[in-house]
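Taking it in order: structure first as structure tokens, then the write-up.
The numbers here are math on the coordinates, done by the rules we state, and not lab data. Not measured: the values here are computed from a predicted model. In this analysis, Cβ positions are derived from the backbone assuming ideal geometry, glycine residues included, and neighbour counts consider all displayed protein chains.
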Amino acid sequence: MGITLRPEEGQRLKGRVALITGGAHGIGRAYALRFAQEGARVAIADLDLPGAEIVAKEISAQNGEAIAVAVDVTDTKMIADAVERIVDAFGTIDILLNNAAMFSVVPMSRVGFDALSIEEWDAMMSTNVKGPWLMARAVAPVMRKNQSGKIINISSGTAFKGTNTQIHYVTSKAAVLGFTKTLARELGGDGINVNAIAPGNTLSEEDPDDKTVTMRSGAIPSRALRRLESPEDIVGAAVFLASSDSDFITGQTIVVDGGSVMH
Ligand SMILES: NC(=O)c1ccc[n+]([C@@H]2O[C@H](COP(=O)([O-])OP(=O)(O)OC[C@H]3O[C@@H](n4cnc5c(N)ncnc54)[C@H](O)[C@@H]3O)[C@@H](O)[C@H]2O)c1
């Protein structure tokens with residue numbers, strides 16, 4: 001997906017600073033491009049620094065503002081350094097989008113619950129559950145100082161229904177729902193909103209082969225809106241939750257999956 005930056009008028013995130021984890025690839029890249037289009041200055045934080053730099057350059061080439069930072073969301077030192085660097089570069093952080101996860105770029109096994117290794121279970125919980133907590137812990141002081149902020153956590157539709165052979169992933173994404181509600185209660189007094197998005201099975205691979213398209217198409221019959229889901233289908237919900245349009249919404253989860261899960 002390419003981008004064309006909008007004229008300033010109508011930009012819904014103008015003047016905001018957004019930190020997007022896992023922004024180098026897939027849906028995270030789409031959030032980064034769209035947030036920049038909406039006028040945000042964007043920090044793309046990813047394990048894959050060269051990948052994050054490509055996305056940042058794509059935004060800069062359109063006169064947007066973006067920086068790439070190397071972050072492993074399980075590493076407190078890297079997180080602290082990244083937050084410091086972003087605040088130095090942009091002055092503050094208004095939006096934290098906790099998108100990084102073990103999923104496709106950092107792949108997971110798809111095996112029965114009793115065939116999964118303990119090491120992979122722990123790695124999944126570390127990235128997908130501890131990661132958002134460590135990120136929120138590091139960014140909260142900046143938002144508390146501002147007495148405002150938006151934290152958006154990425155869960156998954158699968159947390160509402162379960163999926164065969166991904167018990168560690170599904171469990172981690174269900175944890176994100178409880179994390180979101182508790183964090184919303186703890187940070188509400190500081191004017192900080194915390195919400196979640198639960199995407200459906202999304203064709204997020206950059207160059208998908210036929211097998212991947214078939215696998216992602218498997219979700220179509222369960223949807224009220226019967227088609228493939230693309231990263232661009234999800235970004236509008238993220239812009240809404242990052243913008244002042246959602247100022248009185250917190251602790252909620254928006255399922256963006258074409259009406260497969262209805263809750
Ligand atoms: N694609 C789907 O079908 C789908 C469905 C529901 C939810 N989701 C969720 O949406 C988010 C994005 O999904 P995607 O398909 O774009 O995934 P992806 O695997 O394509 O991209 C994830 C990104 O996170 C980065 N990352 C992984 N581990 C990291 C770590 N420890 N520290 C920093 N960065 C790290 C990767 O380098 C990559 O850029 C994830 O939270 C995923 O669980 C995806």
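If the elastic network links every pair of Cα atoms under 10 Å, which of Ala242, Ala45, Ala82 fluctuates the most in the Gaussian network model of the chain?
Ala82
Suppose only helical runs count, i.e. DSSP H with n ≥ 4. What mean residue ellipticity at 222 nm does that imply for the chain under -39500 (n - 2.57) per run, divided by all residues and rounded to the nearest 500 deg cm²/dmol?
Helix-only estimate at 222 nm: -12500 deg cm²/dmol.
Based on the alpha-carbon set only, what is the convex hull volume of the chain divided per residue, in Å³?
124
Rounded to the nearest 10 degrees, what's the angle between the helix 131-146 long axis and the longest principal axis of the chain, both from Cα atoms, 0 to 90?
20
³J(HN,Hα) across the range 22-31 via Karplus (A = 6.51, B = -1.76, C = 1.60, θ = phi - 60°), whole Hz, x for Gly/Pro?
3J(HN,Hα) across the range 22-31, in whole Hz: x, x, 7, 9, x, 5, x, 4, 5, 4.
Once label points are set 7 Å from the Cα along Cα→Cβ at both Val106 and Asp81, what is their separation, rounded to one decimal in nm?
Computed distance between label sites Val106 and Asp81 equals 1.6 nm.
To the nearest 10 degrees, how steeply does helix 167-187 sit against the main Cα axis of the chain, on a 0 to 90 scale?
30
As an exercise, use a Förster radius of 45 Å and the Cβ-Cβ distance of Lys14 and Thr165 to find the FRET efficiency, rounded to the nearest 0.05.
0.55
I'd like the Karplus ³J(HN,Hα) series for the range 98-109: coefficients 6.51, -1.76, 1.60, θ = phi - 60°, whole numbers in Hz, and an x wherever there's a Gly or Pro.
7, 10, 4, 7, 6, 8, 10, 5, 9, x, 10, 6
For the pair Ala224 and Arg144, how long in nm is the line joining their label points, each one 7 Å along Cα→Cβ?
Simple spin-label model gives 4.1 nm for this pair.
If the limit is 31 Å between Cα atoms, which of Lys161/Lys211; Lys14/Lys161; Lys150/Lys211; Lys77/Lys211; Lys14/Lys211 go over it?
Beyond 31 Å: Lys14/Lys161; Lys150/Lys211; Lys77/Lys211; Lys14/Lys211.
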